[in-house]
Structure formats: structure tokens, C-alpha cells
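Before any comments, here is the structure.
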Amino acid sequence: MAHDEPKAAGPSRLVIRNIGLMLSGALEKPILDADTIVAVDGKITAIGRARDVDIAHATTVVDANGTTVAPGLIDSHVHPVAGDWTPRQNQIGWIDSFLHGGVTTMISAGEVHMPGRPRDVVGLKAMAIFAQRAFWTLRPGGVKVHAGAPVIECEMVEEDFKELASAGVKLLGEVGLGGVKDGPTARKMVGWARKYGIQSTIHTGGPSIPGSGLIDKDVVLEADTDVVGHINGGHTALPDDQIRCICEGCKRGLELVHNGNERSALYTLRIARDMDELGRVILGTDAPAGSGVQPLGILRMVSMLSSLGEVPAEIAFCFATGNTARMRSLDCGLIEIGRSADFVIMDKAQHSAGRNILESVRLGDLPGVGMTIIDGIVRTQRSRNTPPATKVPEIVGH
Ligand SMILES: [Zn+2]
């Protein structure tokens, strides 16, 4: 398909060397004892100390200059519409701006802002298939946008889910944004989706904008979607006792979003930690939305949860990388052999009070992004959006 990069003669071989800190994205071992990564044709092939890794025949060499390499960030909750334009705030270039905030993969929770969005079954299926194709072909800035997330309506039958799946649709949009707002109908359709390999999420909490509705704990638990979408509300959160019921009443993903209630996000985080289930916590922005478009939204969530939620920064980064990748079966999100070579290279922001990047995040500052890499290809260098990084990586050879 058109998203493939033009092939050079011979394999493309990326070497990133002189890495000061390597964050794996994996909760069980968030920091790796390594300073070098090799990727061939967009996949990680070696991770280790420079003396132990074969760095010959590189087509691109990046000197990390002692900075921090992490898996590219994943935004688990976006609402794309068409290309790099959002009608919600009438902005162009928002996805590319997120790339400058370290986001290399996005998951659509429904293309619900499409002007004139069809609600009939044939129309909504057509729109989902179109969105899946269009975003996989276009990839603004190189960002992998997993879109084509239909919002279910009461008239749908099992055959519709089978048809969507065979056409390449892998996601449902937020249950509750369409006509299906009751537990039994949602559960039936989420079950059909799951049967055909389509993942699901749900709008949790009060209405987002005029026209959407309340989804409470009973509907969330009965619907049993794979991800409890914005459990901290989008923006209006459920009462704490209902959030606790959801956390304790299922084993599904607990998604915390930037465009949600921050106090409820911290409450959810504490429950997940007390249950020893931090692996369920994933992050999104829920952008574009009424509250805007936040290119640094995922970094802001990492910093907020680390500083106010008292979670080590290297753990908070896992919420935005490995946790999401595992829950959503993505081939990125972890620094691991065989995974996609999608990275964000960062350093502590200039003049942060923290002594290093982890301490700066723990103190509530944002890191500075110095480079993004997707599929082993350098996409951006010093970010135009983050505070400037103290040190930045450099391309030193081709
Ligand atoms: Zn929502």
C-alpha cells in the first residue's frame, strides 16, 4: 500500500548510539541497560552496549548525545476526520503538531466530528472503511493513525460487524456516541465486534457536547468493552464510587485522557496502583475536542500523573507506550527486538529544576523532544512545540 516508504537499494539500517538513558516502555523493566539500538528496514534488530552490538553498514547514524530514547508515544484516544484537518476547532496540521509532542501512533475513538456524519448503517460502515483506508494511506508526518472506528447504532446486525472486519476495520468508536446507550444492546454488539477481531471502547461519564449522553458504571460494566474509554470523563467524570466499581468490577483497560477530569484521573491511578494493576492504565488526549487540540497532551499526562500521582517517570512513560501497545496488539510501543523502530528522543528541558529528565518529569516539568523516528526513519529533529531540550541528538552519518 502507499504508506510504504520508497525502497533504497539494500536494507536501510539505522544506528542510534551514545544513548544516555533507554526507557523500554515495559512496566516490569522500564529502564534498559543499553546505549545502542540498531534497526533494519524499520524493525529493531539489536539493543545493547556499543561494544557488544554490530553497528557496521549503517545507512543512518544518530548520535543521541547522552539523551533519552523511549518508544514513540501512543495516543489511545483521538478523533480524526480527514487528513491533517480537524473541523472541531478548524485547525490544520494538528497530527503533525502531535508528532512534535512525541506521538508516533494514534488510535481513533471514532471519526465523530465528520461534518454530515451518516448515522444509517450503510453510511456509517462506508465511512469507517473510508477512514481506515484514507489514514493508513496518508499518515500525516509519518504518524500511524489507526482510524476507521464506526459508532454503533441500534439497527446494526451481526453480519455488519463481519462485513466491517473483512473490509479491514479493527476498532469501534466510543460506544454511547451513537444511538446505542443501553447495556444489553452494547454488550451484544461489543460481543459481535470481538468475535470478528474488532476492538471496542466506550464513552464513560457525562455528555461531552450537546447531543451526547451519560454513560454510567452499570452500562460500562455490562457493555464490557476492551477499553474503558476516558474513565476520568470527557470531560465530566462519574462519581468516585462509580469509578472504583468499574476498576474493581472488570479487568479491562483504564484509559485516562487529557481532556478529562484530572482529579478523577489521579483517583483512578491510585486505585489501579492499590490493586497492583498499573498495566491496565493507558493514556489518550481525546483531542480534537471542545477543549481544543493538545500537541503536548500525552507528555502533559505523563508529567501530571508522575508528579501529582507520585509515580516514577519511567513508569508513567509505560502508560503511554508499552501498556497501550500490549492492550491494543500494536507492533510498536516497546523497545524490544522485532518491534517497529518508532522512537522519541528527549532530554530534560532547559532550566528545569530536575537534575535529569526523570527527576524533571517527577517535578511536573515536560521533557524537551529532540527527535522523532518512525519505522526507522528520522521524521523530526528539535521539536517546535516542547520547551527546548538541554541536549539534542544529531544525525552524524548516512
Ligand atoms: Zn467520549
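The values are calculated or read from the model by the stated rules, or taken from the named source; none is laboratory data. All values reported here derive from a predicted model rather than from experimental measurement. So basically every Cβ, Gly included, is an ideal-geometry build from the backbone, and we count neighbours across all protein chains shown. Accessible surface is based on the protein model in full, side chains and every heavy atom, while ligands, DNA and RNA are left aside. Shrake-Rupley method; radii C 1.70, N 1.55, O 1.52, S 1.80 Å.
Heavy-atom accessible area per residue, the chain, 1.4 Å probe: how many Å²? Present the calculation step by step, with values, prior to reporting the outcome.
Values: 14940 Å² over 398 residues.
With the other protein chains kept in place, the chain gives 38 Å² per residue.
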Requested in this report: Specify which residue in the list 50, 64, 37 is farthest towards the positive end of the charge dipole of segment 37-85, using unit charges on the beta carbon of Lys, Arg (+1) and Asp, Glu (-1), about the Cα centre.
Outcome: 50
Query - Estimated inter-spin distance, residue 91 and residue 137, nm [label 7 Å along Cα→Cβ] - result: 2.6 nm
Query raised in the report: Under 5 Å between amide H atoms, partner at least 5 residues away or on a different chain: which partners does residue 43 have, H built in plane at 1.01 Å?
Result: 341
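Over segment 168-316, what is the mean sequence separation of C-alpha contacts under 8 Å (at least six apart), divided by residue count, expressed as relative contact order in percent?
This gives 17 percent for segment 168-316.
Using 1/(1 + (r/R0)^6) with R0 = 25 angstrom and r between the beta carbons of residue 216 and residue 155, what's the FRET efficiency to the nearest 0.05?
Working: r = 24 Å, r/R0 = 0.96.
Calculated value: 0.55.
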Query - residue 196 paired with residue 275, simple spin-label distance in nm, labels 7 Å along Cα-to-beta-carbon - result: 3.0 nm
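How do 196, 267 stack up against each other in accessible area, from largest to smallest, with a 1.4 angstrom probe?
On the way: 196 65, 267 35 Å².
Per-residue accessible area, sorted high to low, gives 196, 267.
Sequence gap of 8 or more, or different chains, plus Cα separation below 13 Å: how many lysine pairs satisfy both in the chain?
Numbers: 125/162; 125/170; 162/170; 162/195; 170/195; 181/217; 348/391.
Taking the chain as the scope, the lysine pair count is 7.
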Query - Cβ-based net charge around residue 285, under 11 Å, with every Lys or Arg adding one and every Asp or Glu removing one - result: -2
Report summary line: Sorted by chain and number, the residues with a modelled amide H under 5 Å from that of residue 365, at a separation of 5 or more or across chains, are none
**Report entry** Segment residue 398-residue 50, extension gain: residue separation times 0.36 nm, minus the distance between their alpha carbons
**Finding:** 123.5 nm
Query raised in the report: What fraction of the DSSP beta bridges in the chain is antiparallel, stated in percent and rounded to the nearest 5?
Result: 60 percent
**Report entry** Length-normalised contact order of the chain in % [C-alpha pairs under 8 Å, at least 6 apart]
**Finding:** 20 percent
Query raised in the report: Out of residues 5 or more away from residue 287 or on other chains, whose amide H comes under 5 Å of its own, with H placed 1.01 Å from N in the peptide plane?
Result: 79
Query raised in the report: Got a sec to turn the phi values of segment 319-329 into Karplus ³J(HN,Hα) couplings, 6.51 cos²θ - 1.76 cosθ + 1.60 with θ = phi - 60°, whole Hz, x for Gly and Pro?
Result: 4, 9, 9, x, 4, 5, 4, 5, 5, 9, 6
